[in-house]
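**Student:** The structure that follows is given in the form of structure tokens.
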Amino acid sequence: MLDCTYRIQIPHHAGQLAKVARAIADGEGLIGDVVTVSLGREHSVRDITVEVRDTDQAGRIAELIEALPDVGVLWHQDRALIRHAGGKLRIDACWPVRTVQEMRDVYTPGVARVCTAIADQPELAARYTMISRSVAICTNGTRVLGLGNIGPVASMPVMEGKAVFYDQFAGISAMPILIDADDVDAFVETVVRIAPTFGGIHLEDISAPECFEIERRLIERLPQPVMHDDVHGTAVVS
């Protein structure tokens, strides 16, 4: 199943939207959100989201809509592809840098005093850096739910999605870390070496039984909490 959005230009007269809805129903589509993009004297433009089985059905529905008098489909596309365009994450600054003084505050020379303070008292990193509110989402993409072994790069959209949830539900900055290694030793060593950057480690979509050995070793070697999402996350939901 997929959700497809159709941007449709419709005559701005009573009953026209109902005709479009009828055409969608004739194509066995299930209407979801309807958003008005613009209203004009002669035409209106609306985005109509329709649940369909596959891209073939989506195309047939577009043809049925196009067959209506004076109605045009400006474009139609899988909503998931629209939402993923450019990725789902970015890194933003907490403070704008608009003046020379602000640059001195966040970088040279001010940053040196913060670095020195942390070097003298490492626990200050939790106060003066993002480490304490950041998580590494680590995967090699060997067991992605419903997809299997698709590799690290193809699994990135899943990791980005988990990072979105961290941000919106917990206010935590999560960074997907794609590890191109199936070997347990290589995976563990990679995570251990980057671990100082993060306040927590999240393991995601790693094949069994390797995932359990990776989890065990990381818990033994790291001071940060290690969450194995396919076990701990599932247990919480259950």
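The values are calculated or read from the model by the stated rules, or taken from the named source; none is laboratory data. As the structure is a computational prediction, the values presented were derived from the model and not from experiment. Here Cβ is always computed from backbone atoms with ideal geometry, including for glycine, and neighbour counts include all displayed protein chains.
**Student:** When you look at residue 196, is it outside any helix (DSSP H, G or I) and exposed (fewer than 15 other Cβ atoms within 10 Å of the Cβ), yes or no?
**Tutor:** Details: outside any helix (DSSP H, G or I): no; exposed (fewer than 15 other Cβ atoms within 10 Å of the Cβ): yes.
When the stated conditions are applied, residue 196 does not pass them.
**Student:** When you go through 202, 228, 232 one by one, which is the residue that is in contact with a Cys (Cβ under 8 Å, 6 or more places away or on another chain) and either without any contact (Cβ under 8 Å) to a residue 60 or more places away in the chain or assigned by TED's automatic domain parsing to the domain that holds residue 112 (or both)? Spell out how you get there, then give the answer.
**Tutor:** Values: 202 fails: either without any contact (Cβ under 8 Å) to a residue 60 or more places away in the chain or assigned by TED's automatic domain parsing to the domain that holds residue 112 (or both); 232 fails: in contact with a Cys (Cβ under 8 Å, 6 or more places away or on another chain).
Result: 228 is the single residue among 202, 228, 232 that is in contact with a Cys (Cβ under 8 Å, 6 or more places away or on another chain) and either without any contact (Cβ under 8 Å) to a residue 60 or more places away in the chain or assigned by TED's automatic domain parsing to the domain that holds residue 112 (or both).
**Student:** How about the range 116-167: which of its residues are assigned to a loop (DSSP other than H, G, I, E, B) and free of Cβ contacts under 8 Å to residues at least 24 places away in the same chain? Steps first, please.
**Tutor:** Of the range 116-167, the ones assigned to a loop (DSSP other than H, G, I, E, B) are 121, 129-130, 140-143, 145-147, 149-150, 155.
121, 129, 146, 147, 150, listed by residue number.
**Student:** Residue by residue through the range 65-81, note down the ones that are assigned to a helix (DSSP H, G or I) and in contact with an Asp or Glu (Cβ under 6 Å, 6 or more places away or on another chain). If you could, list the steps in order and put the result at the bottom.
**Tutor:** Looking only at the range 65-81, we keep the residues that are assigned to a helix (DSSP H, G or I), and these are 65-66, 79-81.
Result: 79, single match.
**Student:** Only one of 164, 144, 153, 135 is over 18 Å from residue 201 (Cβ atoms) and in contact with a helix residue (DSSP H, G or I) (Cβ under 7 Å, 6 or more places away or on another chain); which? Steps first, answer last, please.
**Tutor:** On the way: 164 fails: in contact with a helix residue (DSSP H, G or I) (Cβ under 7 Å, 6 or more places away or on another chain); 153 fails: in contact with a helix residue (DSSP H, G or I) (Cβ under 7 Å, 6 or more places away or on another chain); 135 fails: over 18 Å from residue 201 (Cβ atoms).
Among 164, 144, 153, 135, only 144 is over 18 Å from residue 201 (Cβ atoms) and in contact with a helix residue (DSSP H, G or I) (Cβ under 7 Å, 6 or more places away or on another chain).
**Student:** A follow-up question, please. Would you check which residues across the range 91-127 are of a type in the set (D, E, K, R) and more than 21 Å from residue 196 (Cα to Cα) and list them?
**Tutor:** First, the residues of the range 91-127 that are of a type in the set (D, E, K, R): 92, 98, 102, 104-105, 113, 120, 123, 127.
Within the range 91-127, 98, 102, 104, 105 qualify.
**Student:** Now, a different point. Can you give me the number of residues within the range 29-50 that are surrounded by fewer than 14 Cβ atoms within 10 Å (Cβ to Cβ) and of a type in the set (D, E, K, R)?
**Tutor:** Residues that pass the stated criteria total 3.
**Student:** What are the pairs with Cβ atoms under 9 angstrom where one residue, in the range 56-69, is assigned by TED's automatic domain parsing to the domain that holds residue 24 and the other, located anywhere, is acidic (Asp, Glu)? Sequence gap at least six, or different chains.
**Tutor:** Pairs that qualify, where the first residue is assigned by TED's automatic domain parsing to the domain that holds residue 24 and the partner is acidic (Asp, Glu), are 57/28; 58/78; 60/28; 61/26; 61/28; 64/26.
Here is a yes/no grid of residues against (1) over 24 Å from residue 131 (Cα atoms); (2) in a loop (DSSP other than H, G, I, E, B):
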| site | (1), (2) |
| --- | --- |
| 174 | no, no |
| 177 | no, no |
| 182 | yes, yes |
| 189 | no, no |
| 201 | no, no |
| 206 | yes, yes |
| 213 | yes, no |
| 217 | no, no |
